[in-house]
Amino acid sequence: MRNYRNTPCEETFTCKSCGALVTPEGAGTRHRNHCPQCLSSVHLDEEEPGDRASACGGVMEPIGVWVRKNGEWAVIHRCRLCGALDSNRVAADDNPVLLMSIAVKPLAMPPFPLGRLEINQNISKENMHAD
Ligand SMILES: [Zn+2]
Ligand SMILES: [Zn+2]
């Protein structure tokens, strides 16, 4: 058995989701674990990144983007098979258009009618006048 813990993701792999050949070059990180084209990953880790302790092996879809304390972007992944959630920092050559479209998705598809926002704003303005 190879010790993957000391050599995290420094190998070339074929993306399980879109079939792209993913190489470590250009990532700007030693911990590349998702495809720069479709941002999908594979459910391999259980407790910590690179531990390869999970037996699931399902494709992990990018479902969101969040910003870490230091301003660094990270992709939130969800496993299609078991639903596990994970987050991974964005690599230097990740598809920027796809990243942006994932990041704005909640804003583009709000779970409530946008008109309601305006109504709330009007109400708070009236309250301010009353003071
Ligand atoms: Zn891919
Ligand atoms: Zn899984």
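All of the numbers you see were taken from the coordinates with simple rules; none came from a lab. If you're wondering where the values come from, they're calculated on a predicted model, not measured in any experiment. Please note: Cβ atoms are built from the backbone with ideal geometry, for glycine as well, and neighbour counts cover all protein chains shown.
Pick from region 52-111 the residues that are among the charged types (D, E, K, R) and under 20 Å from Cys38 (Cβ atoms): which of them is surrounded by the fewest Cβ atoms within 10 Å (Cβ to Cβ)? That would be Lys105. The set of residues in region 36-61 being closer than 17 Å to Ala103 by Cα and either part of a loop (DSSP other than H, G, I, E, B) or without any contact (Cβ under 8 Å) to a residue 24 or more places away in the chain (or both) consists of Pro36, Gln37, Cys38, Leu39, Ser40. Only one residue in Leu44, Leu39 is closer than 14 Å to Ala92 by Cβ and either β-branched (Val, Ile, Thr) or within 16 Å of ligand 1 (Cβ to nearest atom) (or both), so which one is that? Checking each option against the conditions leaves just Leu39.
Summed over region 53-75, residues that are hydrophobic (A, V, I, L, M, F, W, C) and closer than 17 Å to Asp93 by Cα total 4. For region 68-109, a residue qualifies if it is within 15 Å of ligand 1 (Cβ to nearest atom), more than 18 Å from His43 (Cβ to Cβ) and touching a residue at least 40 places away in the same chain (Cβ under 8 Å), and the qualifying residues are Ala91, Asp93, Asp94, Asn95, Leu98, Leu99, Ile102.
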